[in-house]
Amino acid sequence: MAKRDFYDVLGVSRGADADEVKKAYRTKARNLHPDRNKDNPGAEAEFKQVNEAYEILKDPEKKAAYDQFGHAAFEGGGPQRGGFGGFAHQDFRSSFSDVFDDLFGEVMGGRSGRGGRQRAARGEDLRYNLQVSLEDAYSGIEKTIEVAAAASCSSCGGTGAQSGTEPTVCPTCSGMGKVRAQQSIFTVERTCPTCSGTGQIVSNPCPSCGGSGRERINRSISVNIPSGVETGTRFRLAGKGEAGQRGGPAGDLYIFVNVREHPLFARDGQDLYCKVPVSMATAALGGDIEVPTIDGGRSRVRIPEGSQSGRQMRLRGKGMPALRGGGPGDMFIELAAETPVNLTSRQKSLLREFDSLGSDNNPESSSFLSKVKSFWDNIKS
């Protein structure tokens, strides 16, 4: 059976450049890998064809020979330029190593390509728990916080090397930060034990940071807290975390907001609740009271005649603002009728006189007594 054209195998045109060839190969290899096609016996054979095609087309010299002579360039009777003959025994291992690097290189060490150096390590993220008052959460506020974090060493500029010297390339990994071991058809990479993955050796460490390239400092950071935040709201300040090692990018700082409890208001989302005590006479006869609002103002509320404890009244738009736009919540007033204490003899006498005039004025008591009588009657029957 005649071999398929290598360009057709990869699905690229003859004018495709190296990046197009590599991209097409990665897609094909990922989709046809035997581990993903256990129920497709033909996938392995096609997978090998893809590897064979890539082994030729990724190499400029081999690609030029193939473009001129086709498959004959790599068969016993064809030209053997550059020692191309016999590559078929190595193509699967070599090509799979390439796709293994490309697909998993960043996870296994952040390298770019087979010969690239390991990227400098990114700094760690930091968390800061910020306490704010309910008033601050209502109006929004700008706060300055103190954060202890690792920063690039001011003496060595983050290199870790003493002034006047520079780090040298690690001889074990040649600066890649990884060492390889061949296991069957797989190429396994591990962190270099000599340089701990940095790819460099610091022979003369900086005396200020001990060769780490970082020093611990306290930083003042301004944080803008918008109105409407609530407990659990989180903000990310990019690049405000720990400095990276050996010039690596800094991590991020995450601000977690906690809104303190308020002595007057309880919060439920955007709504506020305020429990307001009223005298027994005001609850019975009705009247006007003034209640505080979260913006520092006050609102006049009319108490209906005969109001009971627990009755709620709504003040529209007097709650908390929405964090990401929208109208404000409401404020709910909950009445708590007070029982008077420390009565004078005259007050006690008047209350007894009032009580003797009848019980029709106490609807809840009448309802309760009716339920009790019905309960006792059921027990007797």
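Annotation note: Cβ proximity below 8 Å between a residue of the range 120-143 that is within 13 Å of PHE235 (Cβ to Cβ) and a residue that is open to solvent by 60 Å² or more (accessible area, probe 1.4 Å) and not acidic (Asp, Glu) (sequence gap 6+ or interchain) occurs for LEU126/LYS240; VAL132/ARG260; GLY140/ASN224; GLU142/SER222; GLU142/ASN224; LYS143/SER222.
For the criterion of being farther than 30 Å from THR159 by Cα and part of a helix (DSSP H, G or I), ALA266 fails.
When the range 276-303 is filtered for residues that are in a loop (DSSP other than H, G, I, E, B) and either modelled with pLDDT of 95 or more or within 30 Å of ASP136 (Cα to Cα) (or both), the ones remaining, listed by number, are THR293, ILE294, ASP295, GLY296, GLY297. Show the residue pairs meeting these rules: Cβ distance below 7 Å; 6+ apart or different chains; first residue within the range 33-62 and in a helix (DSSP H, G or I); second residue among the acidic types (Asp, Glu). If the second residue must be among the acidic types (Asp, Glu), the pairs left are PRO34/GLU44; ASN51/ASP91; GLU52/ASP91; GLU55/ASP91. Criterion applied to THR187, THR165, THR144, THR172 was being out of contact with any Gly (no Cβ under 7 Å at 6 or more places or on another chain), of a type in the set (Val, Ile, Thr), farther than 19 Å from ALA243 by Cβ and loosely packed, with under 13 Cβ neighbours inside 10 Å, and the one residue passing it is THR144.
Among PHE265, PHE368, which is the only one that is open to solvent by less than 70 Å² (accessible area, probe 1.4 Å) and among the aromatic types (Phe, Trp, Tyr)? Answer to the selection: PHE265.
Within the range 182-217, the residues that satisfy the criterion of being more than 23 Å from SER163 (Cα to Cα), at pLDDT 75 or above and outside any loop (DSSP other than H, G, I, E, B) are VAL188, GLU189, ARG190, THR191. Restricting attention to the range 147-162, report how many residues are open to solvent by 30 Å² or more (accessible area, probe 1.4 Å) and out of contact with any helix residue (DSSP H, G or I) (no Cβ under 9 Å at 6 or more places or on another chain). Qualifying residue count for the region: 4. Residues that are charged (D, E, K, R) and assigned to a loop (DSSP other than H, G, I, E, B) within the range 315-344 comprise ARG316, LYS318, ARG324, ASP330, GLU338, listed in sequence order. Here is a check on your reading of the model: is ALA72 surrounded by 12 or more Cβ atoms within 10 Å (Cβ to Cβ) and not in a helix (DSSP H, G or I)? When the stated conditions are applied, ALA72 does not pass them. Within the range 304-321, not a single residue is surrounded by fewer than 10 Cβ atoms within 10 Å (Cβ to Cβ) and over 15 Å from ASP271 (Cβ atoms).
The values are calculated or read from the model by the stated rules, or taken from the named source; none is laboratory data. Note that this is a predicted model, so its numbers are computed, not measured. Methodologically, a virtual Cβ is constructed for each residue, glycine included, from the backbone with ideal geometry; neighbour enumeration extends over all protein chains shown. Side chains included, ligands, DNA and RNA excluded: accessible areas come from the protein's heavy atoms. Shrake-Rupley method; radii C 1.70, N 1.55, O 1.52, S 1.80 Å.
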